[in-house]
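Q: Handing you a structure now.
The values are calculated or read from the model by the stated rules, or taken from the named source; none is laboratory data. No experiment lies behind these values; they were computed from the predicted model shown. Cβ: placed from backbone, ideal geometry, glycine included. Neighbour counts: every protein chain shown. SASA here: full protein model, heavy atoms, side chains in, ligands and nucleic acids out. Shrake-Rupley method; radii C 1.70, N 1.55, O 1.52, S 1.80 Å.
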Amino acid sequence: MTIEALRDDFPILRREIHGKPLIYFDNANTAQKPAVVIEAVDSFYRQHNANVARAVHTLSEEATTLYEQSRERIAGFIGAASAQDVVLTSGTTMAINLVAHSWLAPRLKAGDEVVVSQMEHHANIVPWQLLCERSGAVLRVAPIHDDGSLDLEALYGLLNERTQLLALVHVSNVLGTVNPIAAIAEHTRTRGIALLVDGSQAVPHMPVNVSELGCDFYVFTGHKLFGPTGTGALWARRELLEAMPPWIGGGEMIESVSFDGTVYAPPPRRFEAGTPNIAGFVGLAAAIAYLQAQDLAALAAHEQALGARLRAGLAAVPGLRFIGSARDRVAVASFVIDGAHATDLAVLLDLEGVAVRSGQHCAHPLMQRFGVNATLRASLAFYNTADEVDRFLVALAKARGMLG
Ligand code: PMP
């Protein structure tokens, strides 16, 4: 396997931007899709399109089978004991809101506490904040060290008998920090506190096994995992899913409906009201199958080497400060450069064919923690190359020079 051969699987990587070959370093925002994903979606609409679980005709049975096979593919990929423990959602945001409304809301009382960390994406802050405001509960925030690692001592010190939930990111989308979830889960389990893990930035970079991690809820989004947008999943321990009432009502999530009372379907269908993104999940299954056919350990090692090369190059840029340099990290580099605004740099980099994200990365509290109003973020995937890293560094030096 060579990276060049893998790159051929991703049609968009052949694009030019402003006459320059695309260097796509915005993978933490959304990842590109291999042709097998695009073809799976295309083939679904050409050959199998029908609604799921409603009709007995052949196409509907095919669509239902493909949709359920996607659930099984996802379950296998994250080490879930059963596909029935996986709720298909439109992404991480919807998965977290489902836990907030169905699991936490009914039990959250005034004076209770929910704990998040300073490195959370807004998707893992605002849903809890909304519930706390409504119920009189308190949202508490675990601090992070200057290097962007979690302050575990402070985190454990925050947990107490009022804590209903700890909601924590597995891998930070800004810092790249990998949090020690298994150790944290052991701690929360012994203290009887539920743990939700936002795995959006973890699943594209490392093997994840929810059964081994020991958390209670694990969520991720499909579009960062080389699959279509509008797909994602919530995995939860079976007894928690069983105890959760429906949140969104409608078709597909019931056994029977009458005006005297409605009987809800068991999980996961109970949480999947309405017509789902069937083609999207067919595409996500193809993305996961594609990954499973690769040597993932080799790809992870390649990504780590690229990340190291990128950081070494960036470290030589005058006036550059990394935001996040924890030891355990993925190939994401966020940084600021004295006298050059991140967005100006991103605009100039785009002229060189480089796609990077500038701004606050849906993590305002994290920006406040580091006293910056924006960072430039280069986030890599396995299809990036050392040559791209080198060309990015040259483009960055040029952009920096143009800003005086
Ligand atoms: N959490 C993290 C850590 C993320 O990086 C993102 C996407 N940037 C989200 C949550 C939200 O994912 P989505 O928009 O797909 O729901």
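Q: Would it be correct to say that residue 391 is among the basic types (Lys, Arg), over 30 Å from residue 33 (Cβ atoms) and touching a residue at least 40 places away in the same chain (Cβ under 8 Å)? Break it down into steps so the answer makes sense when it comes.
A: Details: among the basic types (Lys, Arg): yes; over 30 Å from residue 33 (Cβ atoms): no; touching a residue at least 40 places away in the same chain (Cβ under 8 Å): yes.
Criteria not met by residue 391.
Q: Sticking with this one: From the list 127, 143, exactly one residue is assigned by TED's automatic domain parsing to the domain that holds residue 109 and either of a type in the set (Asp, Glu) or more than 16 Å from the ligand (Cβ to nearest atom) (or both). Which is it?
A: Working: 127 fails: either of a type in the set (Asp, Glu) or more than 16 Å from the ligand (Cβ to nearest atom) (or both).
Matching residue, one of 127, 143: 143.
Q: Turning to a different aspect of this structure: Kindly evaluate residue 229 against the criterion of being of a type in the set (Ser, Thr, Tyr), under 19 Å from the mean Cα position of the chain (by Cα), open to solvent by 30 Å² or more (accessible area, probe 1.4 Å) and within 16 Å of the ligand (Cβ to nearest atom). Give the derivation first.
A: Numbers: of a type in the set (Ser, Thr, Tyr): yes; under 19 Å from the mean Cα position of the chain (by Cα): yes; open to solvent by 30 Å² or more (accessible area, probe 1.4 Å): yes; within 16 Å of the ligand (Cβ to nearest atom): yes.
Considered against the rule, which asks whether it is of a type in the set (Ser, Thr, Tyr), under 19 Å from the mean Cα position of the chain (by Cα), open to solvent by 30 Å² or more (accessible area, probe 1.4 Å) and within 16 Å of the ligand (Cβ to nearest atom), residue 229 comes out as yes.
Q: Right, residue 296: in contact with a Lys or Arg (Cβ under 9 Å, 6 or more places away or on another chain) and open to solvent by 10 Å² or more (accessible area, probe 1.4 Å) or not? First the steps, then the outcome.
A: Numbers: in contact with a Lys or Arg (Cβ under 9 Å, 6 or more places away or on another chain): no; open to solvent by 10 Å² or more (accessible area, probe 1.4 Å): yes.
No: the conditions fail for residue 296.
Q: Would you be able to say whether some residue in the range 154-162 is basic (Lys, Arg), free of Cβ contacts under 8 Å to residues at least 60 places away in the same chain and either in the same structural domain as residue 328 (by TED's automatic domain parsing) or closer than 23 Å to residue 92 by Cβ (or both)? Can you show your working first?
A: As a first pass, look at the range 154-162 and keep what is basic (Lys, Arg): 162.
Subset that is free of Cβ contacts under 8 Å to residues at least 60 places away in the same chain: 162.
Subset that is either in the same structural domain as residue 328 (by TED's automatic domain parsing) or closer than 23 Å to residue 92 by Cβ (or both): none.
No, that holds for no residue.
Each row is one residue, and each column tells you yes or no for (1) over 22 Å from the mean Cα position of the chain (by Cα); (2) over 30 Å from residue 24 (Cα atoms); (3) part of a loop (DSSP other than H, G, I, E, B); (4) of a type in the set (A, V, I, L, M, F, W, C).
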site	(1), (2), (3), (4)
239	yes, yes, no, no
248	yes, yes, yes, yes
263	yes, yes, no, yes
270	yes, yes, no, no
281	no, no, no, yes
300	no, no, no, yes
304	no, no, no, no
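Q: I've got another one for you. Is it true that residue 189 is within 30 Å of residue 154 (Cα to Cα) and not in a loop (DSSP other than H, G, I, E, B)? First the steps, then the outcome.
A: Details: within 30 Å of residue 154 (Cα to Cα): yes; not in a loop (DSSP other than H, G, I, E, B): yes.
Here the answer is yes, as residue 189 does meet what is asked.
Q: Under 6 Å between Cβ atoms, which residue pairs at least 6 apart in sequence (or on different chains) link something in the range 279-296 that is more than 19 Å from residue 86 (Cα to Cα) with a partner that is not small (Gly, Ala, Ser)?
A: Listed by first residue and then by second, the contacts come to 290/34; 290/36.
Q: Determine, yes or no, whether residue 116 is in the same structural domain as residue 192 (by TED's automatic domain parsing), within 14 Å of the ligand (Cβ to nearest atom), touching a strand residue (DSSP E or B) at 6+ places or on another chain (Cβ under 9 Å) and part of a strand (DSSP E or B). Walk me through it before giving the result.
A: Details: in the same structural domain as residue 192 (by TED's automatic domain parsing): yes; within 14 Å of the ligand (Cβ to nearest atom): yes; touching a strand residue (DSSP E or B) at 6+ places or on another chain (Cβ under 9 Å): yes; part of a strand (DSSP E or B): yes.
Answer is yes for this residue.
Q: Every residue in the range 135-166 that is assigned to a strand (DSSP E or B) and open to solvent by less than 30 Å² (accessible area, probe 1.4 Å), please. First the steps, then the outcome.
A: Initially, the range 135-166 is screened for residues assigned to a strand (DSSP E or B), giving 138-142, 144, 150, 163-166.
Matches in the range 135-166: 142, 144, 150, 163, 165, 166.
Q: Filter the range 358-380 down to the residues that are surrounded by 22 or more Cβ atoms within 10 Å (Cβ to Cβ) and within 23 Å of residue 206 (Cα to Cα) and list them by number.
A: Across the range 358-380, the qualifying residues are 361, 363, 377, 378, 379, 380.
Q: For the range 194-209, check the following and say yes or no: at least one residue is more than 26 Å from residue 82 (Cβ to Cβ), in a loop (DSSP other than H, G, I, E, B) and more than 14 Å from the ligand (Cβ to nearest atom).
A: No, every residue in the range 194-209 fails to be more than 26 Å from residue 82 (Cβ to Cβ), in a loop (DSSP other than H, G, I, E, B) and more than 14 Å from the ligand (Cβ to nearest atom).
Q: Next question, about the same structure. Any residue in the range 21-35 that is within 27 Å of the chain's Cα centre (by Cα), among the acidic types (Asp, Glu) and either crowded, with 20+ Cβ neighbours inside 10 Å or not in a helix (DSSP H, G or I) (or both)?
A: Scanning the range 21-35, I find at least one residue that is within 27 Å of the chain's Cα centre (by Cα), among the acidic types (Asp, Glu) and either crowded, with 20+ Cβ neighbours inside 10 Å or not in a helix (DSSP H, G or I) (or both), so the answer is yes.
Q: Of the residues 392, 322, only one is in contact with a helix residue (DSSP H, G or I) (Cβ under 9 Å, 6 or more places away or on another chain), more than 16 Å from the ligand (Cβ to nearest atom) and open to solvent by 10 Å² or more (accessible area, probe 1.4 Å); which?
A: Selected residue: 322, the only one of 392, 322 that is in contact with a helix residue (DSSP H, G or I) (Cβ under 9 Å, 6 or more places away or on another chain), more than 16 Å from the ligand (Cβ to nearest atom) and open to solvent by 10 Å² or more (accessible area, probe 1.4 Å).
Q: Enumerate the pairs (first residue in the range 87-99 and more than 19 Å from residue 68 (Cα to Cα); second residue anywhere and assigned to a helix (DSSP H, G or I) and near the ligand (Cβ under 7 Å from one of its atoms)) with beta-carbon separation below 7 Å, excluding pairs fewer than 6 apart on the same chain, so at least 6 apart or on different chains.
A: 92/123; 93/123; 96/123; 96/124
Q: Could you tell me how many of the residues in the range 71-98 are assigned to a helix (DSSP H, G or I), open to solvent by less than 10 Å² (accessible area, probe 1.4 Å) and away from the ligand (no atom under 13 Å from the Cβ)?
A: 3
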